[in-house]
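I have placed the structure first, in the form of structure tokens, so that the comments after it can refer back to it.
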Amino acid sequence: MIEEILITARDNAKVDPYLNIWTWEISIYLFLGGMTAGMMIFAAWAVLAKKDDLAPFASNKLALWAPIVLSIGMTTLFLDLEHKLYVWRFYTTLQVTSPMSWGSWILILVYPVAILQVLSTLRAGYPKLAQLAERLPLVTPVLDISESQKRRIALASIPLGIGLAIYTGILLSAFSARPFWNTGILGPLFLVSGLSTAAAFVLLATRAHAEKLLFARIDIGLILVEMLLIALFIVNLTTGSEAHLNAARLILGGEFTLLFWGWFFTLGLVIPLLIEILEVRGSRLALVTLGPVLVLVGGYLLRQVMMDVGQVSTWTQYESQYDMQLLQRLER
Amino acid sequence: MPARYAMVIDTRTCIGCGDCVVACKTENNVPAGLNRDWIVEATRGRYPNLTTEFRSERCNHCSHATCVYACPTGASHYWQNTNIVLVEPGKCTGCKACIAACPYDARLIMHPQGYVDKCTFCHHRVARGQDPACVSSCPTHCMHFGDLNDANSIVSQLLDRRKSRALKPETGNQPNVFYLS
Amino acid sequence: MQRREFLKLSGTMLATAAAGPTLLSGCSQKRLPGSGQVTTSPTICNICFWKCAGVVYQEDGKPWKIVGNQQDLHSGGRLCTRGTGGIGAYQDADRLQTPMLRVSNKDGQYFRKASWDEALDYIAQRMRSIEQKHGNDRLALLSHGSGGDFFQTLLQGFGSYIYGHPSYAQCRGPREVGFALTYGEEVGSIDRTDMENSRCIVLIGSHIGENLHNGQVQTLSEAINKDATLITVDPRFSVAASKSKHWLPIKPGTDMALLLAWINVLINEGLYDRDYVARYTQGLEALTEHVQPFNPEWAYLETGLDPELIRTTAREMARNAPATLVHPGRHVTWYGDDTQRSRAIAILNALLGSWGCEGGFYIPEKVKLPEYPIPKPPPAKSDWKKIIQPEFPLSPSGISQSILAACSGDNAHIKGLFVYATNLPHTIPNSIDMIKQAAQDLDLMVVIDTMPAEITGYADVILPECTYLERYDEIRNVAERQPSLALRMPAFEPRYQSKPAWWIAQQLAKRLELEQYFPYQDYAEVIDWQLRQVDSSLTEMKTLGVKNFERKTAMYFREGEQIRFRTPSGKIELYSKTLEDNGYDPLPKYTPPQQPPNKFYHLNYGRAPAHTFGRTSNNPLLFELMPENAVWINPLVAKDWQINNGEYLRLQNPEGTLSNRVRVRITERIRPDSVFIVHGFGHTSKSLRLANGVGASDALLMSRVLVDPIMGGTGMRGNFVTFVRES
């Protein structure tokens, strides 16, 4: 028997009894960041591949949602900061070893391009909104220029979108201290998941049947790739060091097994996959809208599961000998 | 060559009394409930064939400090090019990346202010040539502090002479708190 | 601070200042410790009784920290956990603030705040009335603290000599009596053990390290560094056991059997120090005959210890003798035969020749410091020991529970009781009913304390003493390895209306026309006068804190030196005629302990390095370190009961007394027939807002008190408990 315990009381906020630094704010941010990336990529792809007819929503309307969704994500990211008044410190430096520093600069680049994407498709996608905007000075020439550079903007959006999505994964995978996260597969996994959630968004938003079918097919492919990446993720963990094995155990029989396999994998991947396959095969079930909803749920759950399990997975875990609630008495 | 400060703690004489923990609290005025150092008791075996070890633990002031590398603003930094890892509250956004990056869970958030805090190896004392508060309070004299780049320092000599180990060196962080056995 | 760091810091300050007041206050913690105005003053720690010298630091007029005084050989220049946390005693928000008087109205009794004048007048008037009705010899003092002597002076001046301290009958008494019977001298506090030079140390139920007596811990640690052999006898895998070459996980209550077997081996194998024994001792023949039946095989049946292990350890002791210390222990009131067990330990040491030898017991020396001249107190009207504790003629000290018992009943001898700095319900086992009765029957009960401990609830008058950090006390002058003097002086003004003990006693004396016993304005004058007699002064000591003096006598016996021991025979008495003459066993005998009833377990208790009994449980710094105690349960027992680690349950003794809820720690470090809790928890005083209701009190569960027939100690280790699950 090994008994390894803390014999002095320690109640470090969000570290004890187990790491709990990041909760829904960061999960939401990572989810929306990935979805933004997917939106930018699909919108750019539709432009570059001239899919106006087949995919009218993706070509003209999708771009508007990317900065909106990203802004919600950025808001929750800000909410998570403990020392909020110092947020500007992100932009006084580039720390080359810090994925978070890279991420904050990527966001600085993503924002203008995402907005240019909006501007270059605004008249086509949202004519009324464009008219309203054009009442303001300078908007008309800006829209003109943006439209003229539409392809270039699209070309720029794709690498930035990929960068954004992969960064949300690398952000976690760079933490060698959290064995569950510590695999490069998280980058591609979050990219594919981001694309899948963006596809689901299109499925929910478009009224064009052909576009629905197209994106259902794309999403089926993405979900299958995502499953493959998850398999690789698990292979990676289970063939790792003891710390990685312990981390794998958390979802392979451990306390997070149900959350991972029941909620995320089954509800968020398998069921929507089946629904979308039925849809592509022509079934006109009432639950077809459920497919993309579940994909979105699954996309969020992926980040939430990663957040929860990753923080519990650790190199050092001591049980405290005392009831930490007692320390609240010190506030007498 | 900048110093490589290390702490060498003799588990043969450590009794887990916690003096180091209280000394740190008073020296650095650490708020109630928060701790920059702590004691772990590890008991192995079955009655009556047992071993028990006490370890005074804290930030390992790693030579390869993943927390410093994870910090997006440079708030986490090495003090004067040594291995002492400090946090500059004026640069800290409270993003907690460093907390996630520490395999030893040695960092904490100062409440209510919100910046990240940690063991400083009492660099304010080190700068004056003194040992950290924990080391200088230890009633069993089981804790030692010094520069590993100085072959004559007490820590270099102890590590040369005695069997030692650091916590989880497999993290690759190159921790600088060592335990003699 | 180095220049670069300073510049960087200034930069931060400017940046935060520019960012506005919120940012500035948000990062106020950044200022490096000690960068303000730092002042220091010397003290002697009072968190336990080891009396380590320390230095109190203040920064910008605020308490900062206490550290050891580097010059103090007594403490090795270092404070222990509790001493470092001493600031917490000053800061504790639950401290007694004003004098309190018990008053009655139609709804019952309650305490109300009173002025010092009112409280002191009340006490003086009650003392006068006791004197008139019963005589001036009817007041008693129970004290456990450095200010107690002032009250002793007061009461003796009044004519009352009755005095007891729980460190005798609840703690060290048996060993002092046992060693005095054998060597003519007590071990004394601080313990005269020469552990730093020992080659072999035998600890019997003495968990040094958990019981953090600074000098003991430091010298044990030094012995470990020098590769001394440690042999630890304990039912629990104590911290000391974990440092030992041999751990003897003895069956509780059978230590005497082991000691007799060791003596048997030393004698029968001819391993004892023949020269030493021949020169200094008497009674070897009787002892030899006495221990013949007690061989290791016999002891195995009692102790459960492998006979070979008993032999091996005995030989190891002999091999390292005389630098072998069979440690006398400190808290030794266990099974009621404790004086005899201490005698056995003393005898064992004599056989090894360790008393007076390097690595065994050194000869302590203190500074010859004249007493401040005060008049002799009036002679005692009665022999109080004969009245209060007639059944213990060999007891040199007052027996606290006998004194308490003499406070009750219509014919009670004691009519007024002063309780100074000792929380009796947690100190004397199973004493609650006695205390309640005493509180009923006494004409006056005064409690002087810094904290609203449980005992304050039974007082007529509560007087708030200031902490050691706010007062002068007697100069520290302890007999030990290196003679030294140390100063305690106020680092801070007394908080609230608290006052130092000397002031309280002096103010009472004034009201009783006994001011001749306190002939000074300020106790500092006494300290200065005494210091001037040894070529020092208060001014000098305020800077030094500690002054070391040269030894004038040898620390060990010289080779072949003839010694006259202060025993009746002038020899070390292996065989005690004194005991025989008083109707006790002249040689130690073994009595098998009573076994726990089915589903009950031995209640073992002990100390934790974070706390001094129950008196620090409310100290915020130490509470934060260790807020509660846990009951240690062996995994096999836990499995039987299906108890989980970390769950809360209650302990119950055979009489049905239930403890507070207490957290479970399942650990291999305890025998399956025993449980263990740390003493000092389970407070019930609501005014102790941190400690109240937390953890279990061992004292409360001790229904079976095994009184030592020789010295009156309360044996506490014969108690049993079972578990009661929380429903």
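The values are calculated or read from the model by the stated rules, or taken from the named source; none is laboratory data. In this text, all values refer to a predicted model and were calculated from it rather than measured experimentally. Counting neighbours? That spans all protein chains shown, and the Cβs are built from the backbone with ideal geometry, glycine included. SASA here: full protein model, heavy atoms, side chains in, ligands and nucleic acids out. Shrake-Rupley method; radii C 1.70, N 1.55, O 1.52, S 1.80 Å.
Checked against (1) farther than 14 Å from C:Gln170 by Cβ; (2) touching a residue at least 40 places away in the same chain (Cβ under 8 Å); (3) in contact with a helix residue (DSSP H, G or I) (Cβ under 9 Å, 6 or more places away or on another chain), C:Pro452 passes all but a single condition, namely (3). Screening B:Ala32 on (1) buried (at least 19 other Cβ atoms within 10 Å of the Cβ); (2) facing chain C (nearest Cβ under 9 Å) shows it passes everything except condition (1). Among the candidates C:Ala140, C:Ala114, C:Ala119, the residue that is farther than 30 Å from C:Pro620 by Cα, among the small types (Gly, Ala, Ser) and at pLDDT 95 or above is uniquely C:Ala140.
All conditions in (1) part of a loop (DSSP other than H, G, I, E, B); (2) open to solvent by less than 10 Å² (accessible area, probe 1.4 Å) hold for C:Val631, with the sole exception of (1). For the subset of segment C:180-206 comprising residues that are crowded, with 22+ Cβ neighbours inside 10 Å and within 14 Å of chain B (Cβ to nearest Cβ), which member is nearest to C:His331 (Cα to Cα)? So, considering only residues that are crowded, with 22+ Cβ neighbours inside 10 Å and within 14 Å of chain B (Cβ to nearest Cβ), the one nearest to C:His331 (Cα to Cα) is C:Ser206. Give segment B:27-39 a look and list any residue that's part of a strand (DSSP E or B) and without any contact (Cβ under 8 Å) to a residue 60 or more places away in the chain, or say none. Within segment B:27-39, B:Trp38, B:Ile39 meet the criteria. Of the residues examined, B:Cys24 is one that is more than 9 Å from chain C (Cβ to nearest Cβ), part of a helix (DSSP H, G or I) and under 15 Å from the mean Cα position of the chain (by Cα). For segment B:141-162, the count of residues that are touching an Asp or Glu at 6+ places or on another chain (Cβ under 6 Å), open to solvent by less than 10 Å² (accessible area, probe 1.4 Å) and touching a residue at least 60 places away in the same chain (Cβ under 8 Å) is nonzero.
Considering segment C:266-291, the residues that are of a type outside the set (A, V, I, L, M) and exposed (fewer than 13 other Cβ atoms within 10 Å of the Cβ) include one that is nearest to C:Thr591 (Cα to Cα), namely C:Glu289.
Of the strands (runs of 3 or more DSSP E) contained entirely in segment B:46-93, those carrying at least 3 residues that are in contact with a strand residue (DSSP E or B) (Cβ under 8 Å, 6 or more places away or on another chain) and either within 30 Å of B:Thr140 (Cα to Cα) or facing another protein chain (nearest Cβ under 7 Å) (or both) fall at B:49-58.
The criterion of being in a loop (DSSP other than H, G, I, E, B), away from every other protein chain (no Cβ under 11 Å), in contact (Cβ under 8 Å) with a residue 12 or more places away in the chain and over 30 Å from C:Val217 (Cα atoms) does not hold for C:Pro588. Would you check which residues across segment C:214-235 are more than 10 Å from chain B (Cβ to nearest Cβ), touching a Phe, Trp or Tyr at 6+ places or on another chain (Cβ under 7 Å) and in contact (Cβ under 8 Å) with a residue 40 or more places away in the chain and list them? Once the filter is applied, which keeps residues that are more than 10 Å from chain B (Cβ to nearest Cβ), touching a Phe, Trp or Tyr at 6+ places or on another chain (Cβ under 7 Å) and in contact (Cβ under 8 Å) with a residue 40 or more places away in the chain, segment C:214-235 yields nothing.
Just one of the numbered conditions (1) open to solvent by 20 Å² or more (accessible area, probe 1.4 Å); (2) free of Cβ contacts under 8 Å to residues at least 40 places away in the same chain is not true of C:Val664: (1). Number of residues in segment B:45-100 that are buried (at least 22 other Cβ atoms within 10 Å of the Cβ) and touching a Pro at 6+ places or on another chain (Cβ under 6 Å): the value is 2. When the residues of segment B:169-180 are filtered to those that are within 12 Å of another protein chain (Cβ to nearest Cβ) and touching a Ser or Thr at 6+ places or on another chain (Cβ under 7 Å), the one that is surrounded by the most Cβ atoms within 10 Å (Cβ to Cβ) is B:Asn173.
Kindly check whether there is at least one residue in segment C:377-388 that is under 18 Å from C:His165 (Cα atoms), touching a residue at least 24 places away in the same chain (Cβ under 8 Å) and under 26 Å from the mean Cα position of the chain (by Cα). Yes, the conditions are met somewhere in segment C:377-388.
Among the strands (runs of 3 or more DSSP E) confined to segment C:359-476, the ones with at least 1 residues that are modelled with pLDDT of 95 or more and among the charged types (D, E, K, R) are located at C:444-449. The residue of segment C:634-655 that is nearest to the other protein chains (Cβ to nearest Cβ), among those that are within 20 Å of C:Val705 (Cβ to Cβ) and open to solvent by 40 Å² or more (accessible area, probe 1.4 Å), is C:Gln652.
Considered as a group, the residues in segment A:11-25 that are open to solvent by 10 Å² or more (accessible area, probe 1.4 Å) and not charged (D, E, K, R) include one that is farthest from A:Leu326 (Cα to Cα), and that residue is A:Trp24. Of these, C:Ala124, C:Ala169, which one is more than 14 Å from C:Leu444 (Cα to Cα), touching a helix residue (DSSP H, G or I) at 6+ places or on another chain (Cβ under 6 Å) and either modelled with pLDDT of 95 or more or not assigned by TED's automatic domain parsing to the domain that holds C:Trp355 (or both)? Answer to the selection: C:Ala169.
Which members of segment A:54-83 meet the condition of being without any contact (Cβ under 8 Å) to a residue 40 or more places away in the chain and part of a loop (DSSP other than H, G, I, E, B)? Listed by number, the residues that qualify are A:Leu81, A:Glu82, A:His83. Per the listing A:Tyr29, A:Tyr86, the residue uniquely within 7 Å of another protein chain (Cβ to nearest Cβ), within 21 Å of B:Ala70 (Cβ to Cβ), among the hydroxyl-bearing types (Ser, Thr, Tyr) and touching a Lys or Arg at 6+ places or on another chain (Cβ under 9 Å) is A:Tyr86. The condition of being open to solvent by 10 Å² or more (accessible area, probe 1.4 Å) and assigned to a loop (DSSP other than H, G, I, E, B) does not hold for A:Thr289. Selection of segment C:478-536 for residues being of a type in the set (D, E, K, R) and within 30 Å of C:Phe361 (Cα to Cα) yields C:Glu480, C:Arg481, C:Arg488. The residues on offer are C:Phe557, C:Phe565, and the sole one that is assigned to a loop (DSSP other than H, G, I, E, B), open to solvent by less than 20 Å² (accessible area, probe 1.4 Å), within 26 Å of C:Asn349 (Cα to Cα) and of a type outside the set (A, V, I, L, M) is C:Phe565. From the list C:His213, C:His144, the one residue that fits, being open to solvent by 10 Å² or more (accessible area, probe 1.4 Å) and touching a helix residue (DSSP H, G or I) at 6+ places or on another chain (Cβ under 9 Å), is C:His144.
Name the residues in segment C:432-449 that are surrounded by fewer than 24 Cβ atoms within 10 Å (Cβ to Cβ) and within 29 Å of C:Gly83 (Cβ to Cβ), would you? Scanning segment C:432-449 gives a single hit, C:Asp449.
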